[in-house]
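Report on the structure given below.
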Amino acid sequence: MVDAFAARGSAVSRPLYRSRWFALGVLAARFLPRRVVRGIGAGAALAFAFLRPKHAAVVARNLRRILARPVREADSRRVYGNFGKAIGDYFYLGSRSAACARGLVEERIGYEGLASAHRRGKGALLLTGHLGLFELGGALLSGFGFPTVILTFPEPDQDLSRWRSTYRRRWGVETLEIGEDAFSFLAVRKELSQGKFVAALVDRPSPTSRVSVRLPHGRLPVSTGILYLAMLEEVPVFVVTVTEKANRRYRVWCSPPLLFSDRGSEENALEAASQQVFALLVPEIQAHWSQWYQFVPLEGAGTPDEGM
């Protein structure tokens with residue numbers, strides 16, 4: 001979730017992406033009511049958007065790739081406000097139990113497919129986007145007894161890498177830091193072969209091993225390496241989202257399992273598989289667009305930058 005403030009996303013936010021700020025946020029949230037923490041988070045995020053209009057303009061451009069209507073400045077501000085609330089919940093839960101985190105989940109859709117995959121013991125690939133409080137999904141999965149590993153790229157601050165790993169471990173969720181090399185490929189394959197659920201983000205471009213998928217208003221280059229592993233291991237792929245409802249509780253949605261084969265042309269198979277994943281993910285983003293925390297430019301998507 002908080003990858004949105006990563007140095008990969010924006011140089012202006014780099015000073016905020018440090019373990020000391022995250023630790024301070026959790027410490028402060030320990031003594032405050034949830035609504036107060038969320039209010040502070042929303043205020044800070046809105047102030048950031050106001051002070052960094054070019055940063056907010058990126059959000060508007062990204063929304064135009066998804067929404068079939070004009071996107072206004074108020075839409076970007078709404079995204080920042082919701083992001084601040086999600087950060088508030090992230091900090092609020094940082095000093096509380098996994099049971100407290102699971103208690104915020106009011107609605108679960110698609111549990112049966114995950115349970116079936118777990119019973120088969122072959123592992124599964126869970127794909128999501130920068131949508132809602134997706135970290136919360138890990139707490140729910142561990143509560144069901146599903147061994148879960150979250151994939152992450154190296155953080156600009158190694159202390160933050162350790163901090164986030166420790167944060168997830170309290171919920172019984174592992175973290176695997178990966179790169180673009182063959183060793184990462186083997187490490188992920190090992191996790192899948194051990195019957196674990198491997199979770200990854202898919203809605204950002206990758207510098208290598210990528211294909212272009214169609215969005216409603218453009219195209220988006222996405223990484224294919226993780227899908228190739230799913231084909232090799234013959235594990236099911238699920239699209240999962242965690243979004244906030246109007247009552248400040250959360251909804252976890254999981255798609256039916258997708259099964260992919262590596263028969264035929266590898267490039268064509270990966271492009272078709274990626275498109276199937278986004279065919280399920282995009283409607284979720286459209287329905288909850290104000291919780292799509294996509295703060296990096298989605299280069300190469302083929303949409304104009306009018307008005308920016």
Here is a list of conditions, (1) in contact (Cβ under 8 Å) with a residue 12 or more places away in the chain; (2) over 18 Å from ALA124 (Cβ atoms); (3) surrounded by fewer than 16 Cβ atoms within 10 Å (Cβ to Cβ), and LEU259 meets all of them except one; can you say which number that is? (2)
Which condition from (1) in contact with an Asp or Glu (Cβ under 8 Å, 6 or more places away or on another chain); (2) assigned to a helix (DSSP H, G or I); (3) modelled with pLDDT of 95 or more is the one that GLN286 breaks? (1)
Please work out if GLU174 is charged (D, E, K, R), more than 20 Å from TYR293 (Cβ to Cβ) and without any contact (Cβ under 8 Å) to a residue 60 or more places away in the chain. yes
Within the stretch 108-133, residues β-branched (Val, Ile, Thr) and out of contact with any Lys or Arg (no Cβ under 8 Å at 6 or more places or on another chain) come out as THR128
What is the one condition in (1) closer than 27 Å to ILE87 by Cβ; (2) modelled with pLDDT of 95 or more; (3) under 19 Å from the mean Cα position of the chain (by Cα) that PRO257 does not satisfy? (1)
Residues of the stretch 97-138 satisfying the condition of being in contact (Cβ under 8 Å) with a residue 12 or more places away in the chain, in contact with a helix residue (DSSP H, G or I) (Cβ under 7 Å, 6 or more places away or on another chain) and in a helix (DSSP H, G or I): ALA98, ALA101, ARG102, LEU136, GLY138
What pairs come up if the first residue lies in the stretch 217-235 and is more than 20 Å from THR152 (Cβ to Cβ) and of a type in the set (Gly, Ala, Ser), the second is outside any strand (DSSP E or B) and at pLDDT 85 or above, and their beta carbons are under 9 Å apart, counting only those six or more places apart or on different chains? GLY218/ARG64; GLY218/ARG65
Condition first: in a helix (DSSP H, G or I), under 18 Å from the mean Cα position of the chain (by Cα) and among the hydrophobic types (A, V, I, L, M, F, W, C). Now tell me which residues in the stretch 164-191 satisfy that. VAL188
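Every residue, every condition in (1) farther than 25 Å from TYR90 by Cβ; (2) in contact with a Pro (Cβ under 8 Å, 6 or more places away or on another chain), yes or no:
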{"position": "VAL211", "(1), (2)": "yes, yes"}
{"position": "GLY225", "(1), (2)": "yes, no"}
{"position": "VAL237", "(1), (2)": "yes, yes"}
{"position": "ALA246", "(1), (2)": "no, no"}
{"position": "TRP253", "(1), (2)": "no, no"}
{"position": "PHE260", "(1), (2)": "yes, no"}
{"position": "SER274", "(1), (2)": "yes, no"}
Pairing a residue in the stretch 73-89 that is under 20 Å from LEU24 (Cα atoms) and among the hydroxyl-bearing types (Ser, Thr, Tyr) with any residue that is in a helix (DSSP H, G or I) and modelled with pLDDT under 95, where Cβ atoms lie under 6 Å and the two sit 6 or more apart in sequence or on different chains, gives none
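The values are calculated or read from the model by the stated rules, or taken from the named source; none is laboratory data. Quick caveat: nothing in here was measured; it's all calculated off a predicted structure. Note that we place each Cβ from the backbone using ideal geometry, even for glycine, and neighbour counts take in every protein chain shown.
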